[in-house]
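Note sheet for the following structure.
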Amino acid sequence: MLDPALLAIVISVILANLKGVPSSAEVYGVVAQYAIPLSIAMMLLSVEIKAMLKLSKKPIVSIALAGLSVSAVRVIAGIIFAPMIEEGWKIAGMFVGTYTGGSANLTAIGYGHFCSSCCLHELVKPGKSGY
């Protein structure tokens, strides 16, 4: 049995590829503007900071090192590819979000950087979001 979240992703990818879902609609902007920030805030409210601080140092250090390495690669790739791609520095930041938290982060960072809609739509097409 598939996990409900995975099942929703698989069904949405299939519908998008079969053109069963429109590639752009007014409701997508509403979801991105209101639902994504609200869901991030709700997730952060459930974090137990005391329990998180009691974790061993190794996982925290490994997460910090992973974040630093991804950020370093972003800077290097941004320097190399930013002149070649329109809004290249924004795209580099969006891919950091993909590798640290998935496509939802990619989209949230794109909206946070005020990435142009054509650039954002191109990146979030099925199969093009870093997977």
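Listed values, structure above:
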{"read-out": "Condition met for Gly67 (open to solvent by less than 50 Å² (accessible area, probe 1.4 Å) and either over 30 Å from Val13 (Cα atoms) or at pLDDT 80 or above (or both))", "value": "yes"}
{"read-out": "Any hit, region 17-29, residues being more than 24 Å from His113 (Cα to Cα) and in contact (Cβ under 8 Å) with a residue 12 or more places away in the chain", "value": "yes"}
{"read-out": "Only listed residue being outside any loop (DSSP other than H, G, I, E, B), surrounded by 12 or more Cβ atoms within 10 Å (Cβ to Cβ) and not aromatic (Phe, Trp, Tyr), chosen from Ile14, Ile76", "value": "Ile14"}
{"read-out": "Qualifying positions in region 17-48 - open to solvent by less than 60 Å² (accessible area, probe 1.4 Å), out of contact with any helix residue (DSSP H, G or I) (no Cβ under 7 Å at 6 or more places or on another chain) and over 21 Å from Ile109 (Cβ atoms)", "value": "Gly20, Ala25"}
{"read-out": "Extreme residue, most open to solvent (accessible area, probe 1.4 Å), among residues of region 104-131 that are within 23 Å of Lys19 (Cα to Cα) and modelled with pLDDT of 75 or more", "value": "Ala104"}
{"read-out": "Given (1) at pLDDT below 80; (2) within 24 Å of Leu6 (Cβ to Cβ); (3) not polar (S, T, N, Q), index of the condition Met43 fails", "value": "(1)"}
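The values are calculated or read from the model by the stated rules, or taken from the named source; none is laboratory data. All of these numbers come straight from a predicted model, not from anything done at the bench. Glycine gets a Cβ as well: all are built from the backbone with ideal geometry, and neighbour counts include every protein chain shown. Remember, those area values only see protein heavy atoms, side chains included, never the ligands or the DNA or RNA. Shrake-Rupley method; radii C 1.70, N 1.55, O 1.52, S 1.80 Å.
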